[in-house]
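> Pasting a structure here, questions to come.
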Amino acid sequence: MKRRDFIALAGAATVVGARPAKAEDFPSRPVKIVVPVSTGGATDQLARFLAQKLGERLHGSVYVENKTGAGSIIGTSYVQKSPPDGYTLLMGGIFNMVMITALMKDPPFDPPRDFAAVGYLAAYPFVVIVRADLPVNSLSEFAAYAKAHQGKMNYASGGLGTLQHVWGTVLLRSMGLNLLHVPYKGATPALQDMIAGRIDFMFDNLAACRGAIDAGQVKALAVSSAERTRPLPKVPTVDESGVAKFDGESWFGLFAPAGTPGGVVDQLRRQVAAITTEPEFIQRVERNAGRVLAIDPDKQEQFLKGELDRWSALITRYQVSAEQ
């Protein structure tokens with residue numbers, strides 16, 4: 001073989017070897033779902049259930065790896081910088097796909113640019129709760145009481161920049177209230193201090209505080225969703241209260257790095273969409289006071305951009321900061 005023919009043949013082999021795997025060959029090795037928060041929480045549990053179901057449908061191994069730190073930035077950035085081949089996916093949600101970008105002056109990633117939505121999964125309402133001995137039974141009564149006790153009341157969150165912090169601040173300031181913010185290292189200790197009577201107000205995920213509500217340890221005044229939620233049919237929405245306008249849910253989805261081959265993304269989307277129609281998945285979501293969030297692929301990018309625009313505007317309007 002002449003030298004130039006050998007070089008040409010070797011070059012062709014290199015090109016073939018570097019060619020991305022075809023969608024029909026996916027997956028040929030284990031798929032990893034990165035969860036950017038700690039184990040045991042609602043995000044982690046949903047991801048592990050999804051991994052099990054996705055593995056069954058793909059006839060391969062799908063596992064979860066928790067990469068925590070910096071308020072979910074470390075794990076999210078890790079997936080952003082991973083090879084766009086479909087083998088490293090991100091469990092994302094409003095907490096990292098929206099709030100980080102909306103709160104930071106120089107965010108480390110741009111979700112619409114750096115990620116491709118594989119499928120949205122579920123959305124969960126928040127609920128306004130107050131300590132059990134507070135002499136109010138509605139959001140309007142709370143607003144009047146808080147205005148009469150300015151400078152003497154507080155509200156809790158799971159930490160600076162969390163949804164409890166951002167949404168609590170937006171809601172309170174939209175009602176003309178300025179309560180002392182008490183950030184905790186997680187929502188659970190904040191709820192425990194409310195049960196003990198040390199916290200007056202909290203805007204928390206219904207799934208997390210439902211047990212305390214049912215036990216009468218705290219009072220539920222309003223839910224954040226556009227409509228009343230099945231677990232608390234007698235609790236009105238914030239809009240129904242007449243003292244504020246608020247419509248929001250904590251949602252979750254699966255994301256791949258931008259540039260992942262379209263065929264691989266399409267295959268993953270089909271499987272995730274099928275999982276969200278399974279009775280077992282629906283029952284699991286509804287058991288935790290949520291609803292399945294089904295968004296057509298051609299509307300997924302629009303949904304994410306809409307959430308970013310909406311919450312960025314509210315954060316700016318009510319001067320919410322991750323440092324206060």
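> Taking region 69-88 as the search range and keeping residues that are over 15 Å from the mean Cα position of the chain (by Cα) and among the hydrophobic types (A, V, I, L, M, F, W, C), which one is modelled with the lowest pLDDT?
Narrowing region 69-88 to residues over 15 Å from the mean Cα position of the chain (by Cα): 69-70, 74, 77-88.
Then drop every residue that is not among the hydrophobic types (A, V, I, L, M, F, W, C), which leaves 70, 74, 79.
Values: A70: 86, I74: 94, V79: 98.
Among those that are over 15 Å from the mean Cα position of the chain (by Cα) and among the hydrophobic types (A, V, I, L, M, F, W, C), it is A70.
> L304: more than 17 Å from T43 (Cα to Cα) and either in a loop (DSSP other than H, G, I, E, B) or touching a Gly at 6+ places or on another chain (Cβ under 7 Å) (or both), yes or no?
no
> Let me confirm something: among L221, L254, L304, which residue is outside the structural domain of T88 (by TED's automatic domain parsing) and either under 17 Å from I129 (Cα atoms) or in contact with a helix residue (DSSP H, G or I) (Cβ under 7 Å, 6 or more places away or on another chain) (or both)?
After applying the criteria, what remains is L221.
> Next question. Taking region 177-203 as the region of interest, how many residues are under 15 Å from A42 (Cβ atoms) and either among the hydrophobic types (A, V, I, L, M, F, W, C) or crowded, with 19+ Cβ neighbours inside 10 Å (or both)? Explain how you work it out, then say what you get.
Taking region 177-203 first, the residues under 15 Å from A42 (Cβ atoms) are 186-188, 191.
From what's left, either among the hydrophobic types (A, V, I, L, M, F, W, C) or crowded, with 19+ Cβ neighbours inside 10 Å (or both): 187, 191.
Result for region 177-203: 2.
> So in region 129-143, with the set limited to residues that are of a type outside the set (G, A, S) and either in the same structural domain as M97 (by TED's automatic domain parsing) or in a loop (DSSP other than H, G, I, E, B) (or both), which one is surrounded by the most Cβ atoms within 10 Å (Cβ to Cβ)?
Of everything passing the filter in region 129-143, L134 is surrounded by the most Cβ atoms within 10 Å (Cβ to Cβ).
> Exactly one of these conditions fails for I195: (1) out of contact with any helix residue (DSSP H, G or I) (no Cβ under 7 Å at 6 or more places or on another chain); (2) over 24 Å from Y318 (Cβ atoms). Give me its number.
Every listed condition holds for I195 apart from (1).
> Another question about this same structure. What number of residues within region 114-136 satisfy the criterion of being under 15 Å from T276 (Cβ atoms) and not hydrophobic (A, V, I, L, M, F, W, C)?
Of the residues in that region, 3 qualify.
> Continuing with this model, one more query. Looking at (1) surrounded by fewer than 22 Cβ atoms within 10 Å (Cβ to Cβ); (2) modelled with pLDDT under 95, which is the one condition that is false for L206?
Going through (1) surrounded by fewer than 22 Cβ atoms within 10 Å (Cβ to Cβ); (2) modelled with pLDDT under 95 one by one, L206 breaks only (1).
The values are calculated or read from the model by the stated rules, or taken from the named source; none is laboratory data. Please read all numbers here as calculations on a predicted model, not as lab measurements. Glycine gets a Cβ as well: all are built from the backbone with ideal geometry, and neighbour counts include every protein chain shown.
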